[in-house]
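Novice: Once you've had a glance at the structure underneath, I'll fire off some questions.
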(Lines give C-alpha, C1' and ligand atoms only; values in the text may rest on other atoms or scores of the structure.)
Protein backbone atom coordinates (compact mmCIF):
# COMPACT_ATOMS: atom_id res chain seq x y z
CA UNK A 1 0.00 0.00 0.00
CA UNK A 2 2.78 2.46 0.87
CA UNK A 3 4.54 1.66 -2.40
CA UNK A 4 1.37 2.40 -4.41
CA UNK A 5 0.87 5.76 -2.66
CA UNK A 6 4.54 6.61 -3.23
CA UNK A 7 4.27 5.83 -6.96
CA UNK A 8 1.06 7.85 -7.21
CA UNK A 9 2.63 10.92 -5.63
CA UNK A 10 5.77 10.63 -7.75
CA UNK A 11 3.72 10.33 -10.95
CA UNK A 12 1.59 13.31 -9.94
CA UNK A 13 4.72 15.35 -9.24
CA UNK A 14 6.22 14.33 -12.59
CA UNK A 15 3.06 15.17 -14.47
CA UNK A 16 2.81 18.59 -12.79
CA UNK A 17 6.45 19.32 -13.57
CA UNK A 18 6.05 18.38 -17.23
CA UNK A 19 2.83 20.34 -17.53
CA UNK A 20 4.24 23.48 -15.97
CA UNK A 21 7.43 23.33 -18.04
CA UNK A 22 5.33 22.82 -21.15
CA UNK A 23 3.18 25.80 -20.36
CA UNK A 24 6.20 27.99 -19.71
CA UNK A 25 7.93 26.91 -22.91
CA UNK A 26 4.89 27.51 -25.03
CA UNK A 27 4.29 30.92 -23.42
CA UNK A 28 7.85 32.03 -24.12
CA UNK A 29 7.65 30.86 -27.71
CA UNK A 30 4.43 32.76 -28.26
CA UNK A 31 6.01 36.18 -27.51
CA UNK A 32 8.26 36.43 -30.61
CA UNK A 33 5.63 34.68 -32.66
CA UNK A 34 3.11 37.37 -31.69
CA UNK A 35 5.53 40.08 -32.74
CA UNK A 36 6.43 38.47 -36.06
CA UNK A 37 3.01 37.18 -37.02
CA UNK A 38 0.27 39.37 -35.64
CA UNK A 39 -2.12 38.07 -38.27
CA UNK A 40 -2.23 34.48 -36.80
CA UNK A 41 -2.73 35.86 -33.27
CA UNK A 42 -5.57 37.92 -34.52
CA UNK A 43 -7.18 34.86 -36.13
CA UNK A 44 -6.74 32.87 -32.92
CA UNK A 45 -8.34 35.67 -30.96
CA UNK A 46 -11.19 35.75 -33.43
CA UNK A 47 -11.74 31.95 -32.91
CA UNK A 48 -11.80 32.21 -29.09
CA UNK A 49 -11.62 35.85 -28.07
CA UNK A 50 -12.21 35.02 -24.33
CA UNK A 51 -9.24 32.64 -23.81
CA UNK A 52 -5.59 33.27 -24.55
CA UNK A 53 -3.06 30.59 -25.47
CA UNK A 54 -1.51 30.42 -22.02
CA UNK A 55 -4.86 29.56 -20.41
CA UNK A 56 -5.46 26.90 -23.01
CA UNK A 57 -2.07 25.36 -22.24
CA UNK A 58 -2.82 25.35 -18.53
CA UNK A 59 -6.12 23.59 -19.14
CA UNK A 60 -4.45 21.08 -21.43
CA UNK A 61 -1.77 20.33 -18.80
CA UNK A 62 -4.40 20.01 -16.10
CA UNK A 63 -6.35 17.58 -18.30
CA UNK A 64 -3.27 15.42 -18.76
CA UNK A 65 -2.54 15.50 -15.04
CA UNK A 66 -6.15 14.51 -14.33
CA UNK A 67 -5.82 11.57 -16.69
CA UNK A 68 -2.69 10.37 -14.89
CA UNK A 69 -4.41 10.76 -11.54
CA UNK A 70 -7.45 8.83 -12.80
CA UNK A 71 -5.24 5.94 -13.87
CA UNK A 72 -3.53 5.73 -10.50
CA UNK A 73 -6.79 6.12 -8.62
CA UNK A 74 -8.13 3.16 -10.60
CA UNK A 75 -4.99 1.17 -9.77
CA UNK A 76 -5.32 2.09 -6.11
CA UNK A 77 -8.99 1.06 -6.00
CA UNK A 78 -8.23 -2.21 -7.76
CA UNK A 79 -5.41 -2.95 -5.33
CA UNK A 80 -7.64 -2.10 -2.39
CA UNK A 81 -10.35 -4.42 -3.70
CA UNK A 82 -7.85 -7.24 -4.16
CA UNK A 83 -6.63 -6.69 -0.62
CA UNK A 84 -10.21 -6.74 0.70
CA UNK A 85 -10.95 -9.95 -1.20
CA UNK A 86 -7.81 -11.55 0.16
CA UNK A 87 -8.71 -10.51 3.70
CA UNK A 88 -12.22 -11.87 3.23
CA UNK A 89 -10.85 -15.21 2.03
CA UNK A 90 -8.46 -15.33 4.99
CA UNK A 91 -11.35 -14.64 7.37
CA UNK A 92 -13.47 -17.32 5.70
CA UNK A 93 -10.60 -19.81 5.94
CA UNK A 94 -10.13 -19.05 9.64
CA UNK A 95 -13.85 -19.44 10.25
CA UNK A 96 -13.85 -22.72 8.33
CA UNK A 97 -10.95 -24.04 10.42
CA UNK A 98 -12.65 -22.91 13.63
CA UNK A 99 -15.92 -24.57 12.64
CA UNK A 100 -14.13 -27.78 11.62
CA UNK A 101 -12.26 -27.87 14.93
CA UNK A 102 -15.51 -27.32 16.80
CA UNK A 103 -17.20 -30.14 14.88
CA UNK A 104 -14.25 -32.45 15.57
CA UNK A 105 -14.43 -31.64 19.28
CA UNK A 106 -18.17 -32.27 19.33
CA UNK A 107 -17.71 -35.57 17.49
CA UNK A 108 -14.95 -36.59 19.90
CA UNK A 109 -17.20 -35.76 22.86
CA UNK A 110 -20.07 -37.83 21.38
CA UNK A 111 -17.76 -40.81 20.86
CA UNK A 112 -16.49 -40.59 24.43
CA UNK A 113 -20.05 -40.24 25.71
CA UNK A 114 -21.19 -43.35 23.82
CA UNK A 115 -18.20 -45.35 25.12
CA UNK A 116 -19.01 -44.26 28.67
CA UNK A 117 -22.66 -45.30 28.26
CA UNK A 118 -21.63 -48.72 26.98
CA UNK A 119 -19.26 -49.25 29.88
CA UNK A 120 -21.95 -48.15 32.32
CA UNK A 121 -24.31 -50.68 30.73
CA UNK A 122 -21.72 -53.39 31.28
CA UNK A 123 -21.17 -52.37 34.92
CA UNK A 124 -24.93 -52.61 35.47
CA UNK A 125 -25.06 -56.13 33.98
CA UNK A 126 -24.87 -58.59 36.89
CA UNK A 127 -23.62 -61.47 34.72
CA UNK A 128 -20.77 -59.47 33.18
CA UNK A 129 -19.89 -58.14 36.63
CA UNK A 130 -19.68 -61.64 38.05
CA UNK A 131 -17.44 -62.74 35.17
CA UNK A 132 -15.02 -59.91 36.04
CA UNK A 133 -15.18 -60.88 39.72
CA UNK A 134 -14.38 -64.50 38.85
CA UNK A 135 -11.31 -63.36 36.92
CA UNK A 136 -10.22 -61.12 39.77
CA UNK A 137 -11.05 -63.32 42.76
CA UNK A 138 -11.14 -67.01 43.60
CA UNK A 139 -13.55 -68.77 45.95
CA UNK A 140 -16.15 -66.03 46.05
CA UNK A 141 -19.82 -66.74 46.52
CA UNK A 142 -22.26 -65.96 43.69
CA UNK A 143 -26.01 -66.02 43.49
CA UNK A 144 -26.43 -68.58 40.72
CA UNK A 145 -30.24 -68.39 40.74
CA UNK A 146 -33.21 -68.65 43.07
CA UNK A 147 -31.11 -67.17 45.86
CA UNK A 148 -28.77 -70.14 45.67
CA UNK A 149 -25.22 -69.17 46.66
CA UNK A 150 -22.35 -71.04 45.06
CA UNK A 151 -18.68 -70.68 45.84
CA UNK A 152 -16.66 -70.69 42.62
CA UNK A 153 -12.90 -71.19 42.54
CA UNK A 154 -10.79 -69.91 39.66
CA UNK A 155 -9.95 -73.42 38.47
CA UNK A 156 -13.66 -74.25 38.38
CA UNK A 157 -14.18 -71.16 36.27
CA UNK A 158 -11.60 -72.29 33.68
CA UNK A 159 -13.08 -75.77 33.64
CA UNK A 160 -16.55 -74.38 32.99
CA UNK A 161 -15.27 -72.61 29.85
CA UNK A 162 -14.32 -75.88 28.16
CA UNK A 163 -15.81 -76.68 24.77
CA UNK A 164 -15.91 -80.45 25.29
CA UNK A 165 -17.49 -82.37 26.94
CA UNK A 166 -20.67 -80.34 27.23
CA UNK A 167 -22.30 -81.98 30.24
CA UNK A 168 -22.25 -78.86 32.43
CA UNK A 169 -23.63 -78.72 35.95
CA UNK A 170 -25.61 -75.75 37.28
CA UNK A 171 -22.52 -73.97 38.60
CA UNK A 172 -20.73 -74.32 35.27
CA UNK A 173 -23.78 -73.14 33.38
CA UNK A 174 -23.82 -70.00 35.50
CA UNK A 175 -20.13 -69.37 34.78
CA UNK A 176 -20.75 -69.74 31.07
CA UNK A 177 -23.73 -67.38 31.21
CA UNK A 178 -21.55 -64.77 32.91
CA UNK A 179 -18.81 -65.01 30.27
CA UNK A 180 -21.37 -65.01 27.46
CA UNK A 181 -22.43 -61.56 28.66
CA UNK A 182 -18.84 -60.42 29.21
CA UNK A 183 -17.65 -61.51 25.76
CA UNK A 184 -20.87 -60.15 24.28
CA UNK A 185 -19.94 -56.67 25.45
CA UNK A 186 -16.50 -57.10 23.87
CA UNK A 187 -18.22 -58.07 20.62
CA UNK A 188 -20.31 -54.92 20.66
CA UNK A 189 -17.39 -52.66 21.60
CA UNK A 190 -15.21 -54.02 18.80
CA UNK A 191 -18.03 -53.53 16.31
CA UNK A 192 -18.48 -49.91 17.33
CA UNK A 193 -14.73 -49.33 17.19
CA UNK A 194 -14.53 -50.84 13.69
CA UNK A 195 -17.22 -48.47 12.36
CA UNK A 196 -15.64 -45.48 14.14
CA UNK A 197 -18.52 -44.85 16.55
CA UNK A 198 -16.24 -45.04 19.58
CA UNK A 199 -12.48 -44.97 20.16
CA UNK A 200 -10.47 -47.81 21.61
CA UNK A 201 -8.70 -45.49 24.06
CA UNK A 202 -12.05 -44.74 25.73
CA UNK A 203 -12.68 -48.40 26.60
CA UNK A 204 -9.19 -49.61 27.45
CA UNK A 205 -10.16 -49.51 31.09
CA UNK A 206 -11.07 -51.97 32.57
CA UNK A 207 -10.37 -54.39 29.72
CA UNK A 208 -6.59 -54.01 29.67
CA UNK A 209 -6.53 -55.58 33.12
CA UNK A 210 -8.94 -58.42 32.32
CA UNK A 211 -7.22 -59.14 29.00
CA UNK A 212 -4.11 -60.07 30.97
CA UNK A 213 -6.21 -62.22 33.32
CA UNK A 214 -7.81 -64.05 30.40
CA UNK A 215 -4.41 -64.73 28.87
CA UNK A 216 -3.51 -66.89 31.87
CA UNK A 217 -5.47 -69.63 30.09
CA UNK A 218 -5.00 -68.44 26.54
CA UNK A 219 -5.80 -71.79 24.92
CA UNK A 220 -9.03 -72.22 26.88
CA UNK A 221 -10.22 -68.72 26.05
CA UNK A 222 -9.26 -68.98 22.36
CA UNK A 223 -11.08 -72.31 22.03
CA UNK A 224 -14.20 -70.88 23.67
CA UNK A 225 -14.22 -67.75 21.51
CA UNK A 226 -13.58 -69.71 18.31
CA UNK A 227 -16.13 -72.45 18.99
CA UNK A 228 -18.91 -70.02 19.84
CA UNK A 229 -17.96 -67.52 17.13
CA UNK A 230 -16.96 -64.59 19.30
CA UNK A 231 -14.79 -63.34 16.45
CA UNK A 232 -15.03 -59.66 17.31
CA UNK A 233 -14.30 -60.38 20.96
CA UNK A 234 -11.07 -62.06 19.79
CA UNK A 235 -10.22 -58.99 17.68
CA UNK A 236 -10.91 -56.77 20.67
CA UNK A 237 -8.65 -58.77 22.98
CA UNK A 238 -5.91 -58.84 20.37
CA UNK A 239 -5.74 -55.04 20.57
CA UNK A 240 -4.02 -55.39 23.95
CA UNK A 241 -0.31 -55.90 23.38
CA UNK A 242 0.22 -56.59 27.08
CA UNK A 243 -2.04 -59.66 27.17
CA UNK A 244 0.94 -61.93 27.68
CA UNK A 245 1.98 -60.01 30.79
CA UNK A 246 -0.08 -61.72 33.46
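Novice: Given the condition closer than 27 Å to residue 203 by Cβ, outside the structural domain of residue 190 (by TED's automatic domain parsing), in contact with a helix residue (DSSP H, G or I) (Cβ under 6 Å, 6 or more places away or on another chain) and surrounded by 10 or more Cβ atoms within 10 Å (Cβ to Cβ), answer yes or no: does some residue in segment 73-87 qualify?
Specialist: There is no residue in segment 73-87 that is closer than 27 Å to residue 203 by Cβ, outside the structural domain of residue 190 (by TED's automatic domain parsing), in contact with a helix residue (DSSP H, G or I) (Cβ under 6 Å, 6 or more places away or on another chain) and surrounded by 10 or more Cβ atoms within 10 Å (Cβ to Cβ).
Novice: Run down 189, 161, 135 and say which single residue is closer than 26 Å to residue 110 by Cβ, touching a residue at least 12 places away in the same chain (Cβ under 8 Å) and buried (at least 16 other Cβ atoms within 10 Å of the Cβ).
Specialist: When all the criteria are applied, what remains is 189.
Novice: Given the criterion free of Cβ contacts under 8 Å to residues at least 12 places away in the same chain and surrounded by fewer than 17 Cβ atoms within 10 Å (Cβ to Cβ), identify the matching residue among 168, 200.
Specialist: On the way: 200 fails: free of Cβ contacts under 8 Å to residues at least 12 places away in the same chain.
Of the residues listed, the single one that is free of Cβ contacts under 8 Å to residues at least 12 places away in the same chain and surrounded by fewer than 17 Cβ atoms within 10 Å (Cβ to Cβ) is 168.
Novice: Yes or no: segment 220-230 includes at least one residue that is closer than 29 Å to residue 105 by Cβ, buried (at least 17 other Cβ atoms within 10 Å of the Cβ) and within 39 Å of the chain's Cα centre (by Cα).
Specialist: Within segment 220-230, the subset closer than 29 Å to residue 105 by Cβ is none.
No: zero hits.
Novice: Count, please, the residues in segment 152-173 that happen to be over 53 Å from the mean Cα position of the chain (by Cα) and either farther than 15 Å from residue 127 by Cα or assigned to a loop (DSSP other than H, G, I, E, B) (or both).
Specialist: 5
Novice: Go through the residues of segment 204-212 one by one and say whether even a single one is farther than 23 Å from residue 108 by Cβ, without any contact (Cβ under 8 Å) to a residue 24 or more places away in the chain and surrounded by fewer than 14 Cβ atoms within 10 Å (Cβ to Cβ).
Specialist: Checked against the condition, which is being farther than 23 Å from residue 108 by Cβ, without any contact (Cβ under 8 Å) to a residue 24 or more places away in the chain and surrounded by fewer than 14 Cβ atoms within 10 Å (Cβ to Cβ), segment 204-212 yields no hits at all.
Novice: Next question. Which residue, of 189, 119, is within 30 Å of residue 202 (Cα to Cα) and not assigned by TED's automatic domain parsing to the domain that holds residue 211?
Specialist: Only one candidate passes the filter, namely 119.
Novice: For residue 146, indicate whether it is without any contact (Cβ under 8 Å) to a residue 12 or more places away in the chain and in a loop (DSSP other than H, G, I, E, B).
Specialist: Judged against the criteria, residue 146 is a match.
The values are calculated or read from the model by the stated rules, or taken from the named source; none is laboratory data. From a predicted model like this one, the values you see are computed outputs, not experimental measurements. Heads up, the Cβs are rebuilt from the backbone with ideal geometry, glycines too, and the neighbour counts pull from every protein chain shown.
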